[in-house]
Amino acid sequence: MIRAERRRIEKKLRTYKALPTDERLTASSGIGVLVEIFYKSPLFTEMLHHLPERISHRSLGSGPLALTIIAGHLMGCESVEDLEEIRDDEFLMGLFDGEVPAPRTILDYLNDFEESHIAGLNQFLNIMARTLHGILLSTHGETISADRIIDIDSTYHKHYGEEIEGVWWNYKNEWSLESQVAFSSLGLCHHVWLRPGNTKSGTDADIMINNIYSSSIPQIERKLLRVSSKGATFC
């Protein structure tokens, strides 16, 4: 940067005044907009159909608990325990009227999930991804392809704890879990499985493809299939 330009910037900065304030600020204001948009959309109502019921009079309800997990994930929480660090966040307190669920409550809630809920949420993911694809197509049709091209990728995740359910030795002799995820070319997630570490890469990819394409869509769209040299990618 030349000296004249640096002086111009320094002179401009001196015109700003820093004033103290007692107002509590949050770094999650943008996340709040995203969560609120989702909460007010028909997609949130659809997701509720696939969540465990929470009918206790002391419970916040299944919807708010699910929103807490979503917000925590967007705010960088890597575990349930990390939610404790953001319980006093202004955005979360406003979203839940000052009562943000404790990590123990979230853990009990996650333990309520059964295979039927996981299958239902995968169905929801596919519906949401197709819906968002349609919205992008209608607003940016000149740059968005109408073809729904989907890649399925298997990945092993190394772990070091012994109490994690499903952790097992893979073919590389790594103590791990295995995930298989289906993403479209637009980066939209259509399906995801988390499985024991000894699951062979690409196992049951045909079932995942069938789950994604078995809904009422044009038959021509079912013909899109691409196999990658990686051995775990399909479209």
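Read-outs: derived from the displayed coordinates by stated rules, not from any lab. The structure presented is a predicted model; accordingly, all values stated were derived computationally and were not measured. Counting neighbours? That spans all protein chains shown, and the Cβs are built from the backbone with ideal geometry, glycine included.
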query = Near the amide H of H190, under 5 Å away, which other amide H atoms are found, from residues 5 or more places off or on another chain, if H is placed in the peptide plane?
reply = A182, F183, S184
ask   = Where does helix 115-139 land angle-wise versus the long Cα axis of the chain, in degrees 0 to 90, nearest 10?
value = 60 degrees
remark   = Here, E165 and R195, labelled 7 Å along Cα→Cβ, have an inter-label distance in nm of 1.8 nm
task = Under a 10 Å cutoff between Cα atoms, tell me which one of Y213, Y156, Y16 has the largest fluctuation in the Gaussian network model of the chain.
result = Y16
inquiry  = Between P101, P52, P20, where does the largest GNM mean-square fluctuation fall for the chain, given springs only between Cα atoms within less than 10 Å?
reply    = P20
task = Using only alpha carbon pairs under 8 Å that are at least six residues apart, calculate the relative contact order of the range 144-223 and give it in whole percent.
result = 28 percent
note = Listed with the fewest Cβ neighbours within 10 Å leading, K200, K12 appear as K12, K200
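Report the Stokes-Einstein translational diffusion coefficient (µm² s⁻¹, integer) for the range 144-223, Rh taken as the Kirkwood radius over Cα pairs, at 10 °C with viscosity 1.306 mPa s. The partial results should precede the final answer.
Working: Rh = 14.0 Å.
The Stokes-Einstein estimate is 114 µm²/s.
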Cα shape, the range 27-110, gyration tensor, a/c 1.5 rule = oblate
request  = With a Förster radius of 41 Å, plug the Cβ-Cβ distance of I149 and D108 into 1/(1 + (r/R0)^6) and report the FRET value to the nearest 0.05.
outcome  = 0.55
query = Among L67, L92, L51, which comes first, then next, by fewest other beta-carbon atoms within 10 Å?
reply = L51, L67, L92
ask   = What is the count of Lys pairs in the chain whose alpha carbons sit under 20 Å apart, if the two are 8 or more places apart or on different chains?
value = 6
request  = Counting only C-alpha contacts under 8 Å and six or more residues apart, can you give the relative contact order of the chain as a whole percent?
outcome  = 15 percent
request  = Using θ = phi - 60° and the Karplus relation 6.51 cos²θ - 1.76 cosθ + 1.60, list the HN-Hα couplings for the range 83-89 in order, rounded to whole Hz, with x at every Gly or Pro.
outcome  = 5, 4, 6, 10, 5, 9, 5
task = Please identify, among T131, T203, T143, the residue showing maximal mean-square fluctuation in a Gaussian network model of the chain using a 10 angstrom Cα cutoff.
result = T143
inquiry  = Between helix 3-13 and the chain, what is the angle of the helix's C-alpha long axis to the longest principal axis, kept within 0 to 90° and rounded to the nearest 10?
reply    = 80 degrees
key: Whole-number D in µm² s⁻¹ for the chain, Kirkwood Cα-pair radius fed into Stokes-Einstein, 37 °C, 0.692 mPa s   = 155 µm²/s
